[in-house]
Amino acid sequence: MTDQHGVSVVRRPGGTLSDEDGLATLLAAYHLRTEAEKGRAVADVDGLPDRYRAEISDPRTAFADDVVLVALSGGAPVGCLVVTAPADGRSEIKRLWTAPEFRGRGIASDLLGAALAHAAESGAGAVRLSVWKWRTGAVALYERFGFTVTESWDDRDQLVCMERSV
């Protein structure tokens with residue numbers, strides 16, 4: 001657990017998630033914003049693709065083999081990040097999100113630092129991630145943490161794939 005500026009980052013194995021951890025709300029905000037940025041805004045969670053709705057409705061199952069980091073401020077969830085278990089020597093970072101009203105406080109950096117530490121402890125030799133090209137702030141954050149653009153493993157247009165050694 002880290003604690004900076006009144007925010008703590010807690011590590012939860014995916015299979016131990018509960019309805020009270022606030023992850024579903026954070027994931028819903030993440031996916032709704034992403035769809036809007038892609039030009040496919042939907043009114044609510046029911047309009048999201050099935051795989052995203054599954055994460056929101058049952059994060060315990062969706063991330064059963066992963067570790068979820070949740071940033072808390074005063075006990076309230078304000079950010080999240082998912083780290084997959086290492087496969088072929090690599091972990092993957094997914095779903096980095098900070099509630100808009102909490103941005104600019106280093107929460108994403110805290111989550112990312114905790115994710116890299118977890119990946120190293122788990123035996124991963126590298127960590128990869130994908131990010132939408134238009135999320136320039138996120139790309140810059142990843143670059144500050146040593147991630148570099150790598151060959152894409154995902155054929156979605158405007159998706160940038162990045163990786164770094166642990």
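Some notes on this structure:
So that you can scan it fast, the table gives a plain yes or no per residue for (1) touching a Leu at 6+ places or on another chain (Cβ under 9 Å); (2) closer than 27 Å to Gly104 by Cβ:
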{"position": "Ser18", "(1), (2)": "no, no"}
{"position": "Leu23", "(1), (2)": "yes, yes"}
{"position": "Arg33", "(1), (2)": "no, yes"}
{"position": "Ser57", "(1), (2)": "no, no"}
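- In the set (1) under 28 Å from Ala120 (Cα atoms); (2) out of contact with any Pro (no Cβ under 8 Å at 6 or more places or on another chain); (3) in a helix (DSSP H, G or I); (4) not polar (S, T, N, Q), the condition left unmet by Leu32 is number (1).
- Picking from residues in the stretch 133-166 that are of a type in the set (Asp, Glu) and surrounded by 13 or more Cβ atoms within 10 Å (Cβ to Cβ), the one that is farthest from Arg95 (Cα to Cα) is Glu143.
- Breaking point among (1) touching a residue at least 40 places away in the same chain (Cβ under 8 Å); (2) more than 13 Å from Arg95 (Cβ to Cβ); (3) surrounded by fewer than 16 Cβ atoms within 10 Å (Cβ to Cβ); (4) out of contact with any helix residue (DSSP H, G or I) (no Cβ under 8 Å at 6 or more places or on another chain), for Gly22: (3)
- Hey, Val139 within 14 Å of the chain's Cα centre (by Cα), modelled with pLDDT of 95 or more, over 22 Å from Arg11 (Cα atoms) and part of a strand (DSSP E or B) or not: no
- Note on the stretch 1-29: among residues that are hydrophobic (A, V, I, L, M, F, W, C) and in a strand (DSSP E or B), the one that is modelled with the lowest pLDDT is Val7.
- Scope the stretch 35-56; condition among the β-branched types (Val, Ile, Thr) and not in a loop (DSSP other than H, G, I, E, B); matching residues: Val45, Ile56
The values are calculated or read from the model by the stated rules, or taken from the named source; none is laboratory data. Only a predicted model underlies this, so the values are computations on that prediction, with no experimental measurement involved. Positions of Cβ are generated from backbone atoms using ideal geometry, with glycine treated the same way; all protein chains shown enter the neighbour counts.
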